[in-house]
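Data first, discussion second: the structure below is written as structure tokens.
The values are calculated or read from the model by the stated rules, or taken from the named source; none is laboratory data. Note that this is a predicted model, so its numbers are computed, not measured. Here the Cβ positions follow ideal geometry from the backbone for every residue, glycine too, while neighbour counts run over all protein chains shown. Remember, those area values only see protein heavy atoms, side chains included, never the ligands or the DNA or RNA. Shrake-Rupley method; radii C 1.70, N 1.55, O 1.52, S 1.80 Å.
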Amino acid sequence: MTPSSSSSPPPPFGAQNPSTPPGSGPGAAALQAPFSNMQISRASAPPPGAPRGLTPQAAPPAAQVGNGPPSAYSARPSVIRGPATGPPAARPFPGSPPAPSQPSFVRPPTTSAGAPFGGPPAAAFSQPPPFGGPPGAVSKQSIPFGGPMSRPGPPFGGPPAATSQAPPPSGGPPGAVSQPPFGGSSTAWSQAAPPPFGVQRPALSGQPITTGAAPLQASPSLGAPQQQAPSFSGPPRFGGPPPGMQPPFAAQSSSMSPQGPFTGPSRANVPAFGPPSRQSQGAFYGAMQPPMSTIPGGMPPSMPGQGLPPPTTPTFPYSPHAGTQVSTPSKIDPNQIPRPMAETSVIIFETRQGGQASIPPAASSEFIVKDTGNCSPRLMRCSVNQIPCTSDLLTSSGMPLSLMVQPFSLPHPSEEPIQLVDFGEMGPVRCSRCKAYINAFMRFIDQGRHFICNLCGFSNDTPRGYLCNLGPDGRRRDADDRPELCKGTVEFVATKEFLVRDPMPALYFFLIDVSMNAVQTGATAAACSAISQAISDLPEGPRTMVGIATFDSAVHFYSLKRAQQQPLMLIVPDVQDVYTPLQMDLILPISECRENLEQLLESIPNMFENNRVADSAFGAAMKAAFLAMKSTGGKLLVFQSELPSVGVGSLSGREAEGRANVVSIGDKEPHKLLQPVDKTLKTMALEFAEYQVCVDVFLTTQSYVDIASISVVPNTTGGRVYYYYPFSALSDPAKLFNDLRWNISRPQGFEAVMRVRCSQGLQVQDYFGNFCKRVPTDIDLPSIDSEKTVMVTFKHDDKLQENSECGFQCALLYTTVFGQRRIRVMNLSLQCTSMLSNLFRYADSETQFACFLKQAANSIPTVPLPHLREEVTNTCINILQSYRKNCASVSSSGQLILPEALKLLPLYTLALIKSIGLRNEGRVDERSYWISVISSISVLLAVPFVFPRLISLHNLTSRGDDESLIPSPLMLNSDNVHEDGVYLLENGEDGLIYVGDALDPAMLEQIFGVTSLTALPSQLVFEQFDNEPSRKVNEVLNEIRRQRCSYLRLRLCRGGEPSGNFFRSFLVEDKAPGGLSYVEFLVHVHRQIQSKMT
């Protein structure tokens, strides 16, 4: 049993402003920065680290707003804080790859100013990652994914050379420099010692967090007591690494000395709101939750092992006289309502303690997982951490019962890699009735001769070669030596019975639009440049194959055989009944055709420079490429710029039907433009999926392209849509390159099949995500990668036994990029409860919100928007009303009582209602793209996607060097946006830069290089100038890109212009046309609950 080995993906993003390499397209900018997700640490839900089996009591903790009587809880320490510094090499990035000695997103170990990422992974690591390294390369310790790069590659056309006099701020120090894992100074790393277990941590506002729960105060004008600093006045709880920790997604040099790949100059701090380095919550081994965001009136955290606190609950009265109904929202102090709070400690999270499941940390916090039986919450996370015994109990709570499964989620670099187990020809041991795989929860009896399945209860004979005596505790004596009997996640080597054919090679086929519009807008040149720079990051080895074709109204294949002087073009003119030319070396091993491919990519823009064919045969080109790939399967990467207009799968400009591509406000019916125009592309996609072809579509367009119809293909085949609108040849090539590079280099598997099994009493109801489903029990994934998440919903078919455990097992059969067939098995066992209060206490707010988000996105094409907004609001109200009715002990009707674990649910619900997907105005394609992103989004990115992060950029120089790189985020309201400032609003996909109309001209010139607002360019490419404000702004941008694993497409918004109004439409807490402010929404929710109660 050895850890699996793996290929290391290169860092997902290039440096901010590298010099332009020869031959790169004009204005192509190479930036680097994986994006860690916006971290909103879960509104302190369950007690930190409470192991299962806490004695149930009447009511879970509740957060309340108001001036009701102080709650009777005794003061407890407000936070159990983990080592403020995490193990060496720990990075606070929620999605960072590698194991301790070798983070995966690495910059090439070199002192040259070359592109920060561009070499293939180093051929040898001291610890191969478990993601399927070359056959046989199984070693003792493996890094999950990643290792240092062996050589620097050319950056992808950065902005003009003049803009890059200074080295990219995020490029990280030279490879030879040893640097702490998070990119901070080593001294800060070693000195930031964690406080001991019960030490109180100061609140982010600089005042101590109150430990006793007190009622939320009213505004001073109402005469409310002011003894306590409102806990919510601090920055949002977006869980960044603690001061003294380095930014999360850093990497180390090949010499193994820790070094930040794109963290820029070494700093002792990390973005306050940054990627919570893996999720943090608590410390030391144990399920320690982040400190309670104690709203005055909130619940103090319980110490590990303590039972539920007494049933008293703090409240949010809306008027100074409890019991009276509020008439004006002004009576609520906006500073005291629940908001996300920043989390700063790293948690070491042990998945099970004392034989019971531990409560997982918030997805947005930073934590390091110690697998002691349950899988990492990064891989599988449940919407409630205790399972209701009956369907009636679940229904009365109003909450969903679902799992979010992200099988290739990037681990924290300090976590142990997933172990690889080889049972030889016998294959993994399984239950003979339900086919569940052997796991830590199966019970051996009769001296080990039989084992009882934890899912179906069947007694199986133990295979002769797997027998072992039991110890006095009833466990097998070898249980701790066998990963499958002591770990929650393990990988098995698949035997012949799991193979229907030889494992497929890693095949990448590039399909480029060369129609007139694509060539003239620069999209064709940008695609060719991106591909030529990214091919060095394809998996190395003889099994990596490539092919390429171009298309306009015909399809052009190219034979890349090395012997030829130049590539040979083969044209397929029939786009109605398309075919592939006879096997003329259209797909070859990359090692045999790299030179010809690079030569061809360089010449394609010139070959079609004067192309006057305006039509695009998108569907026919995909079908022709599929026919070339059909015998093996693989990834088809399509670069498309026009509405498909000819051939099979052609589309019409539907949006022109009197709508000009805008969804009208008065729509009473679901929008037909949000549904696929017909079933042609769906039928084609099902055939692609059957033959293991995954399609990713890069839409580099300046017009309507009918994403609702096009997205059906990637959504069915396990791919995704990338959308660049309106495409700019100046600012978008850098994002295009970084998106492509991360797409082909991140951890991924091919020809996968996934099934989730659960204990008797529950059954799988449905799956949601990007996949193809042919049979009810399994889903087919031609490709699955580190960012794809599948939501699985469950329903009761029987009653579960109280105090027993309910098991879930997800099995994923897949092929590694090196051609090995593996089975990744993830197990989760949670306690069953018959108490409604336990469901609320152990609710997971981020997972539940991700569930609501996916269900809403799924309904947009078929439900009128006003009805959908009402449904989303009612879901929130029903959950809170159930808590108020069944669990809260406070009876005053003037108080809004929120369960502590779900106190941010109203804020996130409001953000969803105001999001691009559910707001009235908006382009059809933009809404369709929003839906397609949500379909496979992870829990980690779901909240920030609709509740973005707001940062001020004009005052970065006033911050001390000992402060975190990224300033604390601001609340999303207009009180925080001033006309003399510059602000960034980012959601992980896009960034809006707001420039106030009263900005100091000197600051304008320092940051943007122009002297007046009218001179600001409409297409924003951030250059770094030789001054402190510019350097700081570029550092912040690169750090965010690094955290988010995404290049972040920037758009300029100016005060007093329509673009400024667009920016302000994302300030969720403000009142919007036809929408409520946050305070008004809380009043609305409260009134609805009151009316239901009466």
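Using the per-residue mean of other Cβ atoms lying within 10 Å as a proxy for protection, in what order, highest first, do the peptides 636-645, 981-990 fall? Show your work: numbers first, answer last.
On the way: 636-645: 25.3, 981-990: 21.8.
Packing proxy ranking, top to bottom: 636-645, 981-990.
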- request: For the range 709-813, state which GluC sites (Glu not before Pro) are in a DSSP loop and have at most 14 other beta carbons lying within 10 Å of their beta carbon.
  value: E802
Accessible surface of K795 - all protein chains present, 1.4 Å probe, nearest 10 Å²: 90 Å²
query: Amide H of F423: which non-local residues (sequence gap of 5 or more, or other chain) have their own amide H closer than 5 Å, using H built in the peptide plane?
result: V493
statement: Counting sequence-distant residues (5 or more places) and residues on other chains, those with an amide H built under 5 Å from that of L896 are V65, F316, Y318
query: Between S804 and R959, what is the label-to-label distance in nm when each label sits 7 Å out along the Cα-to-Cβ direction?
result: 5.3 nm
statement: Phi angles of the range 852-866, converted by Karplus (6.51 cos²θ - 1.76 cosθ + 1.60, θ = phi - 60°) into ³J(HN,Hα) in whole Hz with x for Gly and Pro, give 4, 4, 5, 5, 5, 4, 5, 8, 3, x, 10, 10, x, 4, x
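Which order do peptides 553-560, 493-500, 845-852 fall in by mean Cβ count within 10 Å, highest first? Could the numbers behind the result be given before it?
On the way: 553-560: 22.1, 493-500: 12.8, 845-852: 25.1.
The packing order, highest mean first, is 845-852, 553-560, 493-500.
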- line: Highest mean packing first, using Cβ neighbours within 10 angstrom, the peptides 521-529, 363-371 sort as 363-371, 521-529
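Loop only by DSSP, 12 or fewer other Cβ within 10 Å of the Cβ. Give me the trypsin sites (Lys or Arg not before Pro) in the range 517-577 that pass, ordered by residue number.
Those that pass, being in a loop and sparsely packed, are R562.
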message: Cross-link candidates for K795: which lysines have Cα within less than 25 Å, leaving aside residues fewer than 8 places away along the same chain?
response: K435, K773, K854, K885
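Per the 1.4 Å probe, what fraction of the accessible area of the range 507-745, in percent, lies on carbon and sulfur atoms?
On the way: 4250 of 8310 Å².
Whole-percent figure for carbon plus sulfur exposure: 51.
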- prompt: By the scheme Lys and Arg +1, Asp and Glu -1, what is the net charge of all other residues having a beta-carbon under 12 Å from that of E491?
  reply: +2
- prompt: Could you state the number of Å between the C-alpha centres of the range 436-492 and the range 501-573?
  reply: 50 Å
query: Considering only L839, M791, Q801, whose Cα is most displaced toward the positive end of the charge dipole of the range 783-852, charges sitting on Cβ of Lys, Arg (+1) and Asp, Glu (-1)?
result: M791
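Summing Lys, Arg as +1 and Asp, Glu as -1, what charge do residues with Cβ under 14 Å from the Cβ of E1005 carry, E1005 excluded? Display every interim value, and only then the final one.
Working: positive: none; negative: D1000, E1023, D1026, E1028.
Computed value for this residue: -4.
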field: Summed side-chain charge close to E926 - residues other than E926 whose Cβ falls under 12 Å, Lys, Arg +1, Asp, Glu -1
entry: -2
message: I'd like the Karplus ³J(HN,Hα) series for the range 534-550: coefficients 6.51, -1.76, 1.60, θ = phi - 60°, whole numbers in Hz, and an x wherever there's a Gly or Pro.
response: 8, 5, 5, 9, 5, x, 7, x, x, 8, 7, 10, 9, x, 8, 8, 10
message: Considering only C-alpha atoms, what is the centroid distance from the range 944-964 to the range 992-1053, in Å?
response: 13 Å
query: Which ³J(HN,Hα) values, rounded to whole Hz and listed in residue order, are derived for the range 708-718 from phi using the Karplus coefficients 6.51, -1.76 and 1.60 in 6.51 cos²θ - 1.76 cosθ + 1.60 with θ = phi - 60°, glycine and proline given as x?
result: 4, 7, 5, 5, 4, 5, x, 5, 8, 9, x
task: Check the straight Cα-Cα distances from K1071 and name the aspartates and glutamates below 17 Å, setting aside those fewer than 8 residues away within the same chain.
output: D333, E921, D975, E1080
task: Take the alpha carbon atoms of the range 761-794, find their center, do the same for the range 582-661, and report the distance between the two centers in whole angstrom.
output: 29 Å
- request: Pull up all non-local amide H partners of I548: gap of 5 or more, or a different chain, and H-to-H distance under 5 Å with H placed in the peptide plane.
  value: F510, Y558
field: Under 22 Å between alpha carbons - lysine pairs in the range 507-745 that sit 8 or more apart or on different chains
entry: 10
